[in-house]
1. Tally the residues that are surrounded by 10 or more Cβ atoms within 10 Å (Cβ to Cβ) and charged (D, E, K, R), restricting the search to the range 1-25.
2. When the residues of the range 26-58 are filtered to those that are charged (D, E, K, R) and either closer than 26 Å to Phe94 by Cβ or touching a Phe, Trp or Tyr at 6+ places or on another chain (Cβ under 9 Å) (or both), which remaining residue is surrounded by the most Cβ atoms within 10 Å (Cβ to Cβ)?
3. Any residue in the range 11-25 that's on the phi > 0 side of the Ramachandran plot: show its pairings with residues that are part of a strand (DSSP E or B) at Cβ separation under 7 Å, as long as the two are six or more apart or on different chains.
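The values are calculated or read from the model by the stated rules, or taken from the named source; none is laboratory data. If you're wondering where the values come from, they're calculated on a predicted model, not measured in any experiment. Quick reminder, even Gly has a Cβ in these numbers, built from the backbone with ideal geometry, and neighbours come from all protein chains shown. Just so you know, the surface numbers come from the protein's heavy atoms only, side chains and all, with ligands and any DNA or RNA stripped out. Shrake-Rupley method; radii C 1.70, N 1.55, O 1.52, S 1.80 Å.
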Amino acid sequence: MHPTARSVRFDGTLLRRGFWLYAWKIVAGSRTVFYVGRTGDSSSNNAASPFNRIGTHLDARPNAKANSLTRRLLETGLKPEECQFHMAAVGPLFPEQADFAAHCPVRDLMASLEHRVASHFRDRGYEVLGVHTATGTVNHELAAHVIQELESALNASDA
């Protein structure tokens with residue numbers, strides 16, 4: 001057997017730390033699911049890059065901590081290594097904050113945006129993995145912009 005080359009291309013902007021909102025379009029055979037997430041830790045003032053989240057989300061080690069995408073896929077009977085992934089991210093919407101007190105309001109705003117984006121995809125009839133809880137007021141103008149950007153980027157893969 002001769003292995004086939006695989007490739008990854010990405011814009012270096014995805015390495016920037018800060019508050020990002022992202023969506024994954026995951027195809028496994030005839031099934032398509034979505035996953036919506038954000039950067040900005042719940043328990044510290046860290047806000048990683050989306051590129052960093054790719055690795056942690058897909059960490060298959062049994063003791064992995066931040067691999068919610070992998071866990072959700074396995075819960076629904078999908079094997080990550082048999083899927084095609086397309087991730088799009090918008091940001092950084094806000095910079096990483098200097099301390100936890102400044103971090104929390106931005107984190108909560110991001111949680112509300114994440115909830116709104118996930119709800120949008122569900123309302124369109126897509127299967128969205130995970131639970132998305134709103135913790136604050138949604139900035140509707142920002143949400144509309146993020147949704148438009150994510151849809152445009154994710155639909156580009158269909159062309």
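1. The qualifying residues number 3.
2. Across the range 26-58, the extreme among qualifying residues is Arg38.
3. As it stands, the answer is Gly18/Gly91; Gly18/Pro92; Gly18/Phe94, since those pairs meet every condition given.
So that you can scan it fast, the table gives a plain yes or no per residue for (1) without any contact (Cβ under 8 Å) to a residue 24 or more places away in the chain; (2) exposed (fewer than 11 other Cβ atoms within 10 Å of the Cβ); (3) in contact with a helix residue (DSSP H, G or I) (Cβ under 7 Å, 6 or more places away or on another chain); (4) of a type outside the set (D, E, K, R):
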| position | (1), (2), (3), (4) |
| --- | --- |
| Asp123 | yes, yes, no, no |
| Leu129 | no, no, yes, yes |
| Thr135 | no, no, yes, yes |
| Ala144 | yes, no, no, yes |
| Ile147 | no, no, yes, yes |
| Ala156 | yes, yes, no, yes |
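Let's see how each residue does on (1) open to solvent by less than 30 Å² (accessible area, probe 1.4 Å); (2) at pLDDT 85 or above; (3) in a loop (DSSP other than H, G, I, E, B):
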{"position": "Lys65", "(1), (2), (3)": "no, no, yes"}
{"position": "Arg71", "(1), (2), (3)": "no, yes, no"}
{"position": "Leu74", "(1), (2), (3)": "no, yes, no"}
{"position": "Leu78", "(1), (2), (3)": "yes, yes, yes"}
{"position": "Glu81", "(1), (2), (3)": "no, yes, no"}
{"position": "Ala88", "(1), (2), (3)": "yes, yes, no"}
{"position": "Gln97", "(1), (2), (3)": "no, yes, yes"}
